[in-house]
Amino acid sequence: MSERLRFEAPIVITLPRVMDGEEEALLEICKEPCPPIIHVRKPESGEGEVDRLLNRLKESGCDMSRLTIHYNEPLARKYGLGGVHLRGAELGKGAGAGLRKSLSTHLWGEVQQYAGRVDYLFISPLFDSISKPGYRSGLDPEETFSRLAHHDGRVVALGGISADTMMRVERLGFDGAAVLGAVWSVEGGRIDVRKSLKNYRVLCRKWRAAGGVLQFISDGNLAVAEQFLQGGGRWIQLRMKEAPEAEVLQRGEAMRVLCRRYGAVFIMNDNPEWAKTVGADGVHLGQKDRSPEEARQILGEGAIIGSTVNTFDQIAARSHGETDYFGLGPFRFTTTKKNLSAILGVEGYRSIAAQMRAEGIDLPVVAIGGIELEDVPQIRQNGIPGVALSGAIARSVDSRKTTASFLRALQIQRNDGNDRPEVSDNL
């Protein structure tokens with residue numbers, strides 16, 4: 001099986017006909033800090049209308065490389081688009097040469113047939129469609145999990161994807177999520193740009209939070225942070241508890257630049273104002289910090305907000321608000337944090353994960369607190385999908401190799417099915 005290459009943002013699919021306000025909405029979405037690939041799919045509009053839309057986008061300075069058009073390679077080449085969405089029969093004729101290629105499927109046999117011949121494939125519908133009433137889920141979750149654990153090529157979930165289902169898409173093992181009905185807000189026959197942009201930001205932060213299964217809590221050492229990124233890590237939280245504000249902000253700026261270079265998520269610890277100042281992707285809050293709701297007011301809809309928790313009650317209290325993920329711990333005693341909460345251990349994780357399932361709380365959780373490589377299997381087998389590391393990376397002789405080893409351990413658990421998610425009741 002090839003290395004999993006996860007999309008940084010959900011793929012956005014346009015509405016089926018050209019709409020008033022669409023040009024502005026697409027331009028704004030392309031300006032986001034983590035812009036998506038946008039599929040221009042217009043079966044209800046003529047080629048002339050689509051041509052004019054693309055022309056307006058190009059004249060307005062849109063990054064045309066972000067766009068993929070469905071079934072119209074000439075327009076892709078005319079406007080310098082990044083990709084073309086093809087039919088299977090076109091692949092054998094050499095269609096899409098030099099462009100980003102994608103294809104739609106509905107059966108796992110088709111995924112196997114076309115994997116490796118395109119850059120990614122859609123398979124649908126995973127959930128009941130939002131944009132097509134009556135278009136019902138057609139994928140068995142157990143088969144989906146098993147297939148994705150050993151697939152080649154990049155497979156993207158389509159159909160009924162929303163902010164509430166992003167975690168399930170990630171848990172099943174998809175490389176990406178494609179969204180349509182959950183993005184677009186239409187009022188009076190016109191796309192509402194403000195509401196649609198807000199919808200995209202929420203979807204994007206939920207997708208990114210769901211993918212944060214390996215997080216590095218950095219003390220500000222840029223050299224170690226870069227080794228983590230070189231090893232494949234894609235999530236860094238800056239935590240400099242005792243440092244003065246000026247030093248934290250200076251290091252935060254440098255860490256943000258470093259993370260952008262690698263396409264990684266960058267989170268600041270504790271202080272949403274500092275996170276906003278340095279342009280971080282979000283903030284991680286302790287129980288005594290600002291509330292997630294206050295942080296959301298400061299940082300806006302696109303920011304990822306995490307919460308440190310030690311009990312199920314703390315999870316329940318923040319599960320219906322603005323928290324996007326939880327850092328649950330400590331797993332064992334650790335010297336990197338003062339005022340340590342009660343040690344949870346394996347039994348604590350098992351109990352809390354079971355309570356979350358029983359109450360239908362479906363937010364990402366990472367284990368934290370003295371975690372070593374050999375702990376990964378039992379943590380994941382007991383219902384916790386991710387880990388956050390500090391000393392295991394910072395004190396490693398070779399942080400790059402250590403990071404790669406943790407990523408392999410997390411992937412092996414997924415592929416072996418030893419941490420098979422209990423998806424049947426939730427899909």
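Tabulated results
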{"quantity": "Whole-Hz ³J(HN,Hα) from phi, Karplus 6.51 cos²θ - 1.76 cosθ + 1.60, for the stretch 123-132, glycine and proline x", "calculated": "10, 8, x, 6, 10, 4, 5, 7, 8, 10"}
{"quantity": "Heavy-atom accessible area ranking, 1.4 Å probe, most first, across ARG147, ARG208, ARG136", "calculated": "ARG136, ARG147, ARG208"}
{"quantity": "All-pairs Cα distance distribution in the stretch 249-331, expressed in whole percent, bin size 10 Å", "calculated": "19, 48, 28, 5"}
{"quantity": "Solvent-accessible surface (1.4 angstrom probe) belonging to ARG6, in square angstrom, nearest 10", "calculated": "60 Å²"}
{"quantity": "Among LEU214, GLN250, GLN227 - extreme Cα towards positive end, dipole of the stretch 212-252, charges at beta-carbon", "calculated": "LEU214"}
{"quantity": "Residues whose placed amide H lies under 5 Å from that of VAL387, excluding near-sequence neighbours", "calculated": "LEU214, GLN215, ALA367"}
{"quantity": "Compactness of the stretch 1-129 - radius of gyration and Dmax, Cα, Å", "calculated": "14.8, 44"}
{"quantity": "Heavy-atom accessible area per residue - the stretch 260-400, 1.4 Å, Å²", "calculated": "43 Å²"}
{"quantity": "For the chain, calculated [θ]222 nm from helices alone, where every DSSP H run of n ≥ 4 adds -39500 (n - 2.57)", "calculated": "-11000 deg cm²/dmol"}
{"quantity": "Spread of Cα-to-Cα distances over 10 Å intervals beginning at zero, given as percent, for the stretch 218-297", "calculated": "20, 53, 25, 2"}
{"quantity": "Sulfur and carbon atoms: percent of accessible area, the stretch 251-321 [1.4 Å]", "calculated": "47 percent"}
{"quantity": "Hits among lysines - C-alpha to C-alpha of LYS401 under 17 Å, sequence gap 8 or more where chains match", "calculated": "none"}
{"quantity": "Cα-based equivalent ellipsoid, the stretch 73-180: semi-axes from gyration tensor eigenvalues, Å", "calculated": "25, 16, 12"}
{"quantity": "Of LYS58/LYS198; LYS195/LYS288; LYS195/LYS276; LYS78/LYS206; LYS31/LYS93, pairs whose Cα-Cα distance is over 30 Å", "calculated": "LYS195/LYS288; LYS78/LYS206; LYS31/LYS93"}
{"quantity": "Modelled label reach - HIS320, point 7 Å along Cα→Cβ, the stretch 353-391 residues with backbone N closer than 19 Å", "calculated": "355-364"}
{"quantity": "For ASP219, solvent-accessible area (1.4 Å; no DNA, RNA or ligand), Å²", "calculated": "100 Å²"}
{"quantity": "For the stretch 1-153, size of Cβ-based charge dipole, Lys and Arg +1, Asp and Glu -1, in debye", "calculated": "400 debye"}
{"quantity": "Size-normalised alpha-carbon gyration radius of the chain, reference 2.2 N^0.38 Å", "calculated": "0.98"}
{"quantity": "Rh by Kirkwood over Cα pairs, then Stokes-Einstein D for the stretch 176-313 at 1.002 mPa s and 20 °C, µm²/s", "calculated": "133 µm²/s"}
{"quantity": "Magnitude of the charge dipole, the stretch 216-270, Cβ model with Lys/Arg +1 and Asp/Glu -1, debye to 20", "calculated": "300 debye"}
{"quantity": "Using a Förster distance of 60 Å, the FRET efficiency for ASP398-ASP51 (Cβ separation, nearest 0.05)", "calculated": "0.65"}
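The values are calculated or read from the model by the stated rules, or taken from the named source; none is laboratory data. Just so you know, these numbers come straight off a predicted model, no measurement behind them. Note that we place each Cβ from the backbone using ideal geometry, even for glycine, and neighbour counts take in every protein chain shown. Protein only, heavy atoms only, side chains kept; ligands, DNA and RNA dropped before computing areas. Shrake-Rupley method; radii C 1.70, N 1.55, O 1.52, S 1.80 Å.
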